[in-house]
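These notes concern the structure reproduced below.
Bear in mind that the values in this text are calculations on the coordinates, not laboratory data. All of these numbers come straight from a predicted model, not from anything done at the bench. Counting neighbours? That spans all protein chains shown, and the Cβs are built from the backbone with ideal geometry, glycine included.
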Amino acid sequence: MLKSLHPLLFIISLVAATTTTSCNPLSSTSCPTDPALGKSIEIDFSEESSYFNRTSGVGSITYDEDAGVTMTLAKRYDNPALKSNFYIMFGRVEVHMKAGNGTGIISSFYLQSDDLDEIDIELFGSDTTQFQSNFFSKGNTTTYDRGVYSNTPSSPQDSYLNYTIVWTSTKLEWWLEGTLTRTLLSTNSEGFPQTPMFIETGIWAGGDASNAEGTIEWAGGSTDYSQAPFSMSINKLLVEDYSTGTSYSYGDTSGDWTSIESNGGTINGSESSDSSSDSESSSSTSTKTTAKTTSSSKKATTTSKTSSEATTSKSDSDLTSSTEALTKASAASGVTKVVADASSSSVAGSTSALVASTTLLTSTSSGTSSTSVSSSKATVTTSSSGSASTIAVNFSLLALIFSYII
């Protein structure tokens, strides 16, 4: 079978109507404008929201005063999801979310742009101690070291935890329960998300047997549908658009934030002067516990060398794999998400799934670089004679803990 011969080719062959944008501004100057939020909103999802539309007809979506919106995967090929009908151009997004349980079950919350910039929060049904933050720039999936795992103060499947993204023109921050877990600077060598983004969230089976081996590994293992239903819930969402206006458009094909134009408003027109303070003061749903960012501790299937990453920056990394030609072709065609197809596959979710599907294909890279794949989430670590990709460790939290004790 094609899947057993080449997992990445298998995923690409399944993509019939799976591009996340009908017009990529990197290759066209006639793309439609993006409707702007241009303000701040708060949604408790006690009922259907006028700001979100259902993107999949398969799977249950219900609303409740206490639980908020619940998306349920009850059987194979279910992948209920919601997508915002607005875009933000830099901003702050706070989501109070409870993940679905079950091996191979992924609860995804992410922001994505028409030119395939992406900011991810991924929760794994069989991981009760961590969440993954991730990002992509212009659909580039040629390197696999962007994902960082951070410890959670309680089980993500049992508690509504506050995950917050603060996104500006200079940096991108991920917060958990009021604690900063990761910072990505705009000077990062692997690119920086910087174009208008919509919000999408949903639950899907990364561990479905039809998926590529790398996707199943990344998702935590094979999904057992006899254990269904699997449900994720969101009972609070706050979104602040740091720009104003009624719509956003691309002034050219550069994909640079300075080329973005606002109709009737200003880019960065309402950016918070102290986004970090805003995140710290936001409400949480459980006792605040210092969340220490760590790399995945799963046993690697091949020999690896893991190195540490400074929270405020990432080391330069230029991993050239044997699948580079395929991944570049995939990115160029706008393919970064694979949606459930009842006749063939149930792959869905963020770009992380596609990246994971390629990692098992990589055994060597240029120069003296080496690559390894984690047996649970297909986490790849690389080492080279130049610079090493690294995992974030928030050493500043040690000072916070010490001051608290005193």
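Place a label point 7 angstrom from the Cα of ALA67 along the Cα-to-Cβ direction, then list the residues of region 94-133 whose backbone nitrogen is under 14 Å away.
98-101
Quote the FRET efficiency, to the nearest 0.05, computed for ASP158 versus LYS39 with a Förster distance R0 of 41 Å and r equal to the Cβ-Cβ distance.
0.75
As an exercise, use a Förster radius of 30 Å and the Cβ-Cβ distance of SER259 and SER189 to find the FRET efficiency, rounded to the nearest 0.05. Mind dumping the intermediate values first?
Numbers: r = 21 Å, r/R0 = 0.70.
About 0.90, to the nearest 0.05.
Where does each of 58-64, 163-169 land if you order them by average Cβ count within 10 Å, highest first?
Ranking the peptides 58-64, 163-169 by packing returns 163-169, 58-64.
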